[in-house]
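> Mind looking over this structure? Questions follow.
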Amino acid sequence: PISLFLIAYHKLCSIISFYKEIDFVAYADDFHLIIKSNKMKNPIINLNRLFNDIDTWSTKSGANLSVPKCKSIHICRKQSCKCTINSSSTVLTQVESMKILGLNINTRYRWDHHINYLVSSLSSRLKIIKCFSNPKMNCNTYTIISIIKSILLSKINYALVIYGHSSNSKLRKLKSIINSAVRSSLGAFRSTPVNNMLFESNILSLVTQPTVL
């Protein structure tokens, strides 16, 4: 249970909280350190003291730090800005994108990578909808729409409040998947207006979807 992880890792939270310039997000044993600055150019950030404190805690608690999972990402809109994060005890590999709690974030704080990931993931799930929509399956429309909400919309709604600010051209990829799924569930013609299909299936358009963070 998550509550047991929180109890076990409470001391680690206290250690990180001691460093006022560092914020962090924790979920069970998954920790993400956040260092914000809008003044420095090409900053060099040294985390030796923090990682030494974590190593000391790891030795006492028995919870080892997973070094291969330690990665850093520098999010900045400046073209010539570079950030160096180093530690003598832990090697931090700098990456162009990072997945944090199911959300793919890149160095430019754009959501192309996350939306492409969703499209790839949802395309395989769309095949399930089309399979159940086949008349030979004898599956009623209400059941298929419930499946759409369960395996498609639930994944799209997650963090939509964040990545939903992307351009319409990018979000259109997700809309087409929803429309295709609804069209298959209703057995509608390709000429059927999208708004009519969404109304009949009681599914909101992507821009008005309830969002869950």
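> If a residue has to be assigned to a loop (DSSP other than H, G, I, E, B), open to solvent by 40 Å² or more (accessible area, probe 1.4 Å) and farther than 16 Å from I22 by Cα to count, how many in segment 48-88 make the cut?
10
> Have a look at L122, L103, L153, L160 and point out the one that is open to solvent by less than 80 Å² (accessible area, probe 1.4 Å) and in contact with a Ser or Thr (Cβ under 7 Å, 6 or more places away or on another chain).
L160
> Something else about it: Looking at (1) modelled with pLDDT under 75; (2) open to solvent by less than 90 Å² (accessible area, probe 1.4 Å), which one does V91 not meet, given that it meets all the others?
(2)
> List, please: which pairs have Cβ atoms under 6 Å, are six or more places apart or on different chains, and start with a residue in segment 81-109 that is farther than 26 Å from D53 by Cβ and end with one that is among the aromatic types (F, W, Y) and open to solvent by 70 Å² or more (accessible area, probe 1.4 Å)?
Hits for this filter: N104/Y117.
> For segment 38-47, give me each residue that is on the phi < 0 side of the Ramachandran plot and either at pLDDT 85 or above or open to solvent by 70 Å² or more (accessible area, probe 1.4 Å) (or both).
If the condition is that a residue be on the phi < 0 side of the Ramachandran plot and either at pLDDT 85 or above or open to solvent by 70 Å² or more (accessible area, probe 1.4 Å) (or both), then N38, K39, M40, K41, I44, N46 are the ones that fit.
> On to the next question. Given the structure, is L6 part of a helix (DSSP H, G or I), within 25 Å of the chain's Cα centre (by Cα) and over 30 Å from S169 (Cβ atoms)? Reasoning before the result, please.
Values: part of a helix (DSSP H, G or I): yes; within 25 Å of the chain's Cα centre (by Cα): yes; over 30 Å from S169 (Cβ atoms): yes.
Yes; evaluated as a whole, the condition is true for this residue.
> So, one more: With the requirement that a residue be in a helix (DSSP H, G or I), open to solvent by 30 Å² or more (accessible area, probe 1.4 Å) and either of a type in the set (A, V, I, L, M, F, W, C) or farther than 16 Å from L204 by Cβ (or both), what does segment 135-146 give you?
Matches in segment 135-146: P135, K136, M137, T141, Y142, T143.
> Would you say N116 is under 16 Å from A159 (Cα atoms), open to solvent by 70 Å² or more (accessible area, probe 1.4 Å) and polar (S, T, N, Q)?
It is true that N116 is under 16 Å from A159 (Cα atoms), open to solvent by 70 Å² or more (accessible area, probe 1.4 Å) and polar (S, T, N, Q).
> If you don't mind, another one. So, in segment 110-134, how many residues would count as being in contact (Cβ under 8 Å) with a residue 24 or more places away in the chain, over 16 Å from I178 (Cα atoms) and part of a helix (DSSP H, G or I)?
Selection size over segment 110-134: 2.
> Only one of R77, R125 is at pLDDT 85 or above and under 26 Å from the mean Cα position of the chain (by Cα). Can you tell me which?
Values: R77 fails: at pLDDT 85 or above.
Answer to the selection: R125.
> Right, something else. Report, by residue number, each residue of segment 147-176 that is touching a strand residue (DSSP E or B) at 6+ places or on another chain (Cβ under 9 Å) and either under 18 Å from S201 (Cα atoms) or without any contact (Cβ under 8 Å) to a residue 60 or more places away in the chain (or both).
Taking segment 147-176 and keeping what is touching a strand residue (DSSP E or B) at 6+ places or on another chain (Cβ under 9 Å), we get 154, 157-163.
Correct list: S154, N157, Y158, A159, L160, V161, I162.
The values are calculated or read from the model by the stated rules, or taken from the named source; none is laboratory data. What you are looking at is a predicted structure, and each value in this text was computed from that prediction instead of being measured. So basically every Cβ, Gly included, is an ideal-geometry build from the backbone, and we count neighbours across all protein chains shown. Ligands, DNA and RNA are stripped out before the accessible areas are found, and what is left, the full protein with its side chains, is counted by its heavy atoms. Shrake-Rupley method; radii C 1.70, N 1.55, O 1.52, S 1.80 Å.
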